[in-house]
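*Asks:* Structure incoming, see below.
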């Protein structure tokens, strides 16, 4: 085991957390944000739907799905950038759990 | 006994045989297989299993109807029950997976180093999962009962025996793979009718794209009738109730023990992250289709049933009138059925669609098998959660830490059988409205587990006194608000009992933080374990420094 510079370790955590905050902000706007302004937004029509109904029935769910896949992909990219090897993760993980 | 009965029965029996076969093939032999399926489930399959675990009989049968009846206000369920996966996958799942335990109470007990917290969490798991499972069992009884025209009680008993058998036998390992099969069956059964309905009504086989036009058209029809438009917001409650309900469903999703434990069955944090993404994709297929079902059914009822002569209603209406799910009384006696003379039960939408669209016996049987798959898969996951909270957290970790693996497995199996039978007995005479009870289970999960888990993962200063205070205050405030709103007529900003989780969670966060700060910090070891959850497996937090485990050695 070798020590990781504190700055490197902190920036790993910061990058992941920053992305998470961005994803949450987008998800929040797509759901709570649209509900909050449902009445003024209902004048816009998209694919036959009033906008607020479209976001509730489809737009928000699609946004959530896309955010989760972006999170999974970006998470992998960040891991690679910091030299994390998934095979080693698996090895370490299977030894570290409390199986009792 | 007609042909329809035989077709439905054989489709259901074939799927039952499939589930039991899978459970026998994947029998759990060790405790780690029984509780967490040996932690080797690939993310895509875990995503399907999460989907089946998550989508209950209520989602399958009732949600489309709820949206049809509530209009825009029903969409709080769609956004709440999908948005919860953001909270779960970002804030909790990978971190809890790295911590590497069997159950949610075990995380709380070990992270906060407190048997009291462990037992409270185990009891909360049992209460939440048990109430939820009563809904599943009576749901499966309704399906069997209605399709075979037998008593719903007999239907419930058939479901109970089946679940008790394969959950006790296969454990988490068997359940995981039956849930994968159940997901495939339920999603096919859900999509086929709505696709054909879209083809017939709009000429486009993609319901998700084509139903928007109908929603717009229905708004015009509603205006002509002088009722509020289908898509008009907040007709059934205040905006604050909508927001509070949506929050409660989201945070409750992230705090339901039987869903969280599914993320323990994969190998790494990365696999947990991907499981969340796949799970929501698979769940989204059903949740995106439910509003389409709602729109198509309402359109058909408005244009083909309402406005026709009471003697000339379409043939399919008769069977549903007979079951009492559809009421067509010609109130003003003019011989024509008006829209406001129709009374529709929300169960009808999905179950009647194959008949409305004239899809034939095979599809009707398939929809029945899909509804059964939804009920059984959720009940199976719930039973594992109950059994592990009792057999692992209370019996093994607190009462008898020296018991052998064999004893523990048999305690776990017997607790499944007993819990299923007990839930089945209550489900024979379900107490009040099931949907109401399910909504309360979410409010309770929001008020108890969500704050305890989020603070446990993200705030190292949170300690055992804090979590005990948080759990008890959250539970107390949630229950108090539910009863005050439901029976006392007390509401804040129009938020009713189903949105109670907002207040429970706020109180629980506050109690946990205040009490933690007033008492001693947790031990250095616990604080380091919490810091360690910020990093992937290969990075280890130790002695205030982060280390790279380059040789992949198992000793840390």
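*Asks:* Using only alpha carbon pairs under 8 Å that are at least six residues apart, calculate the relative contact order of region B:276-361 and give it in whole percent.
*Replies:* Dividing the mean separation by the residue count of region B:276-361 yields 27 percent.
*Asks:* If contacts are Cα pairs under 8 angstrom and at least 6 residues apart, what is the relative contact order of region A:6-83 in percent?
*Replies:* Computed over region A:6-83, the figure is 34 percent.
*Asks:* If you don't mind, another one. Once a ≥ b ≥ c are taken as the square roots of the eigenvalues of the Cα gyration tensor of chain B, is the result rounded (a/c under 1.5), prolate (a/b larger than b/c) or oblate (a/b not larger than b/c)? Intermediate values should be presented prior to the final figure.
*Replies:* Working: a/c = 2.02, a/b = 1.58, b/c = 1.28.
It is prolate, given that a/c is not under 1.5 and a/b is the larger ratio.
*Asks:* Separate question: Using a 10 Å cut-off around each Cβ of peptide B:82-92, what is the average number of partner chain Cβ atoms that fall inside? Don't skip to the answer; put the middle values down first.
*Replies:* Values: counts 9, 10, 1, 5, 12, 2, 1, 8, 12, 2, 0.
Per residue, the number of nearby Cβ atoms from other chains is 6 on average.
*Asks:* Now a separate question. Sort the following peptides by mean Cβ neighbour count (other Cβ atoms within 10 Å, averaged over residues), highest first: B:364-371, B:27-34, B:180-187, B:329-336.
*Replies:* B:364-371, B:180-187, B:27-34, B:329-336
*Asks:* Subtracting the Cα-Cα distance from 0.36 nm times the residue separation, let me have the gained length for residue B:228 to residue B:206 in nm, one decimal.
*Replies:* Additional length available on full extension: 5.1 nm.
*Asks:* Binning at 10 Å from 0, report for region B:373-530 what percent of all alpha-carbon pair distances ends up in each bin.
*Replies:* Values per bin, smallest distances first: 10, 26, 32, 25, 6, 0.
*Asks:* Would you mind checking the tilt of helix B:115-148 against the longest principal axis of the Cα atoms of chain B, expressed as 0 to 90 degrees and rounded to 10?
*Replies:* 20
*Asks:* Report the FRET efficiency, 1/(1 + (r/R0)^6), for residue B:161 and residue A:36, where r is their Cβ-Cβ distance and R0 is 60 Å, rounded to 0.05. Please report the intermediate quantities before stating the final value.
*Replies:* On the way: r = 48 Å, r/R0 = 0.80.
Approximately 0.80, to the nearest 0.05.
*Asks:* To two decimal places, what compactness ratio does the protein assembly as shown give when its Cα radius of gyration is scaled by 2.2 N^0.38 Å?
*Replies:* 0.96
*Asks:* From Cα pairs below 8 angstrom and at least 6 apart in sequence, can you work out the relative contact order of region B:341-492, rounded to a whole percent?
*Replies:* Working: 58 pairs, mean separation 21.8, N = 152.
Relative CO of region B:341-492 lands at 14 percent.
*Asks:* Also: As a footprinting exposure proxy, order B:320, B:440 by other Cβ within 10 Å, with the fewest listed first.
*Replies:* B:320, B:440
*Asks:* Just the ratio, please: alpha-carbon radius of gyration of region B:450-556 over 2.2 N^0.38 Å, N its number of residues. It would help to have the intermediate numbers written out before the result.
*Replies:* On the way: Rg = 18.8 Å, N = 107, 2.2 N^0.38 = 13.0 Å.
The value comes to 1.45.
*Asks:* So, R0 is 41 Å and r is the distance between the beta-carbons of residue A:2 and residue B:398; what FRET efficiency does that work out to, to 0.05?
*Replies:* 0.55
*Asks:* Treat each spin label as a single point 7 Å out from the Cα along the C-beta direction, and report the residue B:310 to residue B:414 distance in nm.
*Replies:* Those two pseudo-labels are separated by 6.1 nm.
*Asks:* Per q in 0.11, 0.23, 0.24 1/Å, what log10 I(q)/I(0) does a Debye calculation on the alpha-carbon atoms of region A:6-83 return?
*Replies:* Each listed q maps to, in turn, -0.41, -0.98, -1.03.
*Asks:* A further question follows. Extension gain residue B:238-residue B:303, at 0.36 nm per residue separation less the Cα-Cα distance, in nm?
*Replies:* Answer, rounded to one decimal: 20.4 nm.
*Asks:* Would you work out if region B:198-244 is rounded, prolate or oblate? Take a ≥ b ≥ c from the square roots of the eigenvalues of the alpha-carbon gyration tensor; rounded if a/c is under 1.5, else prolate when a/b is larger than b/c, oblate otherwise. Could you put the intermediate results ahead of the total?
*Replies:* Values: a/c = 4.66, a/b = 1.63, b/c = 2.85.
Oblate.
*Asks:* Now, a different point. Report, in degrees rounded to the nearest 10, the 0 to 90 angle that the Cα long axis of helix B:3-25 makes with the longest principal axis of chain B.
*Replies:* So the helix axis and the longest Cα principal axis differ by about 10 degrees.
*Asks:* Counting each DSSP H run of 4 or more residues in the protein assembly as shown as -39500 (n - 2.57), what helix-only mean residue ellipticity at 222 nm follows after dividing by all residues, to the nearest 500 deg cm²/dmol?
*Replies:* Working: 27 runs with 442 residues, N = 656.
So the calculated ellipticity at 222 nm is -22500 deg cm²/dmol.
*Asks:* On a 0 to 90 degree scale, rounded to 10, what angle separates helix B:501-518 from the longest Cα axis of chain B?
*Replies:* Around 10 degrees separate the two axes.
*Asks:* Place a point 7 Å from Cα of residue B:44 in the direction of its Cβ. Which residues in region B:254-273 have their backbone N less than 20 Å from it?
*Replies:* B:263, B:265-273
*Asks:* Now for a different question. Over what distance in Å are the Cα centres of region B:204-280 and region B:23-48 separated?
*Replies:* If you average the Cα positions of each part, the centres end up 29 Å apart.
*Asks:* Measure out, as a whole number of angstrom, how far apart the alpha-carbon centroids of region B:372-440 and region A:24-72 sit.
*Replies:* Each part reduced to its Cα centre gives a spacing of 37 Å.
*Asks:* Can I ask one more? What FRET efficiency do you get for residue B:461 and residue B:115 if R0 is 25 Å and r is their Cβ-Cβ distance, rounded to the nearest 0.05? Show your work: numbers first, answer last.
*Replies:* Working: r = 21 Å, r/R0 = 0.84.
Calculated transfer efficiency: 0.75.
*Asks:* Using a/c under 1.5 as the rounded threshold, could you call region B:1-142 rounded, prolate or oblate? The axes a ≥ b ≥ c are square roots of the C-alpha gyration tensor eigenvalues, and prolate needs a/b larger than b/c, oblate otherwise.
*Replies:* Note, shape of region B:1-142 comes out oblate.
Quick note: the coordinates plus some simple rules give every number you see, no bench work behind them. Note that this is a predicted model, so its numbers are computed, not measured. Note that we place each Cβ from the backbone using ideal geometry, even for glycine, and neighbour counts take in every protein chain shown.
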